[in-house]
Every structure is written in C-alpha cells, then in structure tokens.
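Only the coordinates and a few stated rules stand behind these numbers; no lab work does. Quantities reported herein were computed from a predicted structural model and do not represent experimental measurements. In this analysis, Cβ positions are derived from the backbone assuming ideal geometry, glycine residues included, and neighbour counts consider all displayed protein chains.
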Amino acid sequence: MFLSKIQSRVMPLEEGNERMNQTKGLPLRLLRLLVVFIAVCVMFSIISMYTIKHFGIESVVTTMSSRLQPCYEEPENGLLDKWIRPRSSPIHNMSDKELLWRASFVPRIKKYPFKRVPKIAFMFLTTGPLPLAPLWERFLKGHDRLYSIYIHSLPSYQARFPSSSVFYNRQIPSQVSEWGRMSMCDAERRLLANALLDISNEWFILLSESCIPLYKFSFIYDYIMKSKYSFVGAFDDHGPYGRGRYKSNMAPLVNITEWRKGSQWFEVNRNLATTIVEDTTFYPKFEQYCRPPCYVDEHYFPTMLTINAGNDLANRSITWVDWSRGGAHPATFGRTDINEEFLDRVRSGNQCLYNDRNSSVCFLFARKFAPSALEPLVHLDSKVLGF
C-alpha cells in the first residue's frame, strides 16, 4: 500500500519532466526554422543584387511584369492616335443609333494638338455600281491626303473594285433607302456619320452615281475650303410643291413661314454635318408628317438647317441639274450630249454669290449623266475638264 502511493507520486513527476523537456525542444525547432528562412532570404537578396548589377533593373522588371497582361491594348503611338487615325475600312458593327451618337462627338477646343490636313469626304449615294468611277479616278489621282470616299449602296450589292482603285473597300454598312421617304435621309445621315468618324474630314459632299466633277481637284478643293458658308439649297416656295406640302401638325416646332425646300445634293462643313447627325428634335416630326406627296429629302435638311443655322447657309447647291424639261426627275445626258460646248454651257453663264461677292463660278459638280457618257468624257482633252 505504501509502495503504491510512492509510485503514484513518482509517475506524475516523470510526466511533468517529460512535458518540460518537450517545451524546451519546441523553441529550438522554431529557432532552426527561423535560421533557415533568414539564410534563404539572404541568398535570394544576393542573387537579386547580382542579377540587377549585371543585367540591369529594367530587364528584371520587364521579366516580372511581362506576365501581367493589361485589360486593353494601347495603340502604338498613344491613345490620341485612336482618335485621329482614320480606320482602314469603314465597316463596323454599330447600329445607326450608336453610329449617330458616336459621330456627334465634337472637340470643345478648336485648336488641334496635331498637324491636321483638312480633307473633303466624297459621299456616294447609289443603288449599286458607279459607272463613272474611271472619271473620278482620273479626277482624284495625285491627291490622296486631301480626300476620303464613302459609298452607300443597297446592302445586297457587292462592289468589284480592284485593290488599286480609290473606291476599293469604301462601302459603309447600309440599309435600303427609298426616294421621297425618310429612309433616304437616313442614308444621307449614315454617310455623314461615317465620314465624321475621320477627324480630318472638314467638308462633306453628297453625290450620286450620275455625278461628275466640272473642274480639276485643286480648284474644287480651294473653292470649298475657303467658303464661309455651306452649300444647301433652302428657299421659301409659296406654290403647291413648297408650302403646299406643309402640314399644320408641324407647328409650333416648324411654322409655315419657316418651311423650306431645296436640292437633295448638299455640300456642308463639319459643323453643319454634326448638326445634321445629332438632330433628334426635327427628325420625328418630319418622319411622321412629311410623306409623299411631301418628299422629305427636299424639305427636312433645308428647313431644319435654316432654323438652327440659317446664317451659315449659302442657300444654293453647287451641283448643277437641268430641270428645264419638266417632270419629277431632271434631264439625263448620254453619249451624244457630251462635247466641249456642252461643258462650257454648264460651267458658264451663271451668276451667284460666293463669300458675299458676285461670282460666275456657281457649280463644281453636275448630274445626271448616263453610263454611256463615260467614254466621251474620259476621251475629252484634259484641257477641257482640267484633269
């Protein structure tokens, strides 16, 4: 009995000594691990210093950062390049609503922070082929940095221009447009919006497949660039084909005294082009109330621009058209009509205002020319056309 009590006292003492020995051993293990960790850190620091000394810090940082990929890819020459460099192709997947919104962006600072060469945007509104393209190729030759081209055709039409042509790959995403309907104005606004995406485009010329230039490129370029006014026909026609098409539902937004008529073929500067694409006030009214026999392409732009920017308009078009034969469409000219005397008649005998001064040069383009007119036109002496 006495022996068992002694043993019971000795056993707890032995257990206590064992725990004390384990407790003493634990810090020793931690100390060894700490020493190993410090040694590894010192070795890593020495290796890093050696690498930086012999290979340079930039290579080390580049190696480490190359594994981190940014969420976007910055253009080669900086973010500004994204805004000032035109797209190689006008093809995009924006809807009309998105396109018009994007095209309405206007810089608030007028002075450009880069060397800007102003260009003319030639915008062709056509159903399909451009039969007079060879004449335009001849006209544009040698002036690559001063113009751009946009073509709005039927969506189903696929152009077959060679890669060497100025018209190659210049079709924009299009929709079906009908003469006299709002879809025609939609096509014109679509052309303007696409052309506005190129910040270098300063003037915007609406043309058809039947249009021709009447002078050489340098003359037309100077005439347009130096103009203080945009060329939009807008006059108050009191007859049945003017005010007679007005609907009282347009008031009070548009009163009958503000109703204007003009040619579809316009030549506008960048400010007015932006005014056209950003309009959401007049568009719904004209879409709802100006339908045949009210031909909206003859009234929407002339009326809206007269109200919004009347002092910026020359109130005339610089595209010559012959309405002398009467009817709903102007005269068309073919092979037998083309000669030097005909062109002289188109270009001379006119009087107009240019920058508030009298001028005899009133038209720079002309229409309508049939495909058969191409051959005699391209065979005219360069002195006749000027190009």
Linear extension gain, Phe342 paired with Gln288, 0.36 nm per residue minus alpha-carbon span: 15.2 nm
Debye intensity ratio in log₁₀ form over the Cα atoms of the range 235-297, taken at each q of 0.15, 0.25 Å⁻¹: -0.50, -1.24
Nonlocal amide H pairs with Asn201, under 5 Å, H built at 1.01 Å: Lys119
The range 94-318 - Kirkwood radius from inverse mean 1/r over Cα pairs (Å): 18.2
Rounded Å value of the spacing that divides the Cα centres of the range 108-144 and the range 320-386: 21
Cross-link pairs beyond the 20 Å C-alpha cut-off, checked among Lys141/Lys368; Lys228/Lys285; Lys261/Lys285; Lys115/Lys216; Lys82/Lys226: Lys141/Lys368; Lys228/Lys285; Lys115/Lys216; Lys82/Lys226
For the range 350-362, Karplus couplings with θ = phi - 60° (6.51, -1.76, 1.60), whole Hz, Gly/Pro x: 10, 9, 7, 9, 10, 6, 6, 10, 5, 8, 9, 9, 10
Loop sites in the range 193-285: trypsin sites (Lys or Arg not before Pro), DSSP, at most 13 other Cβ within 10 Å: Lys226, Lys228
Where trypsin sites (Lys or Arg not before Pro) fall in DSSP loop in the range 112-146, at most 16 other Cβ within 10 Å: Lys115, Arg116, Lys141
In Hz, Karplus ³J(HN,Hα) per residue of the range 176-183 (6.51, -1.76, 1.60; θ = phi - 60°; x = Gly, Pro): 5, 10, 10, 4, x, 9, 5, 4
HN-Hα J in Hz across the range 134-144 - Karplus 6.51, -1.76, 1.60, θ = phi - 60°, x for Gly and Pro: x, 5, 5, 4, 5, 5, 8, 4, x, 10, 4
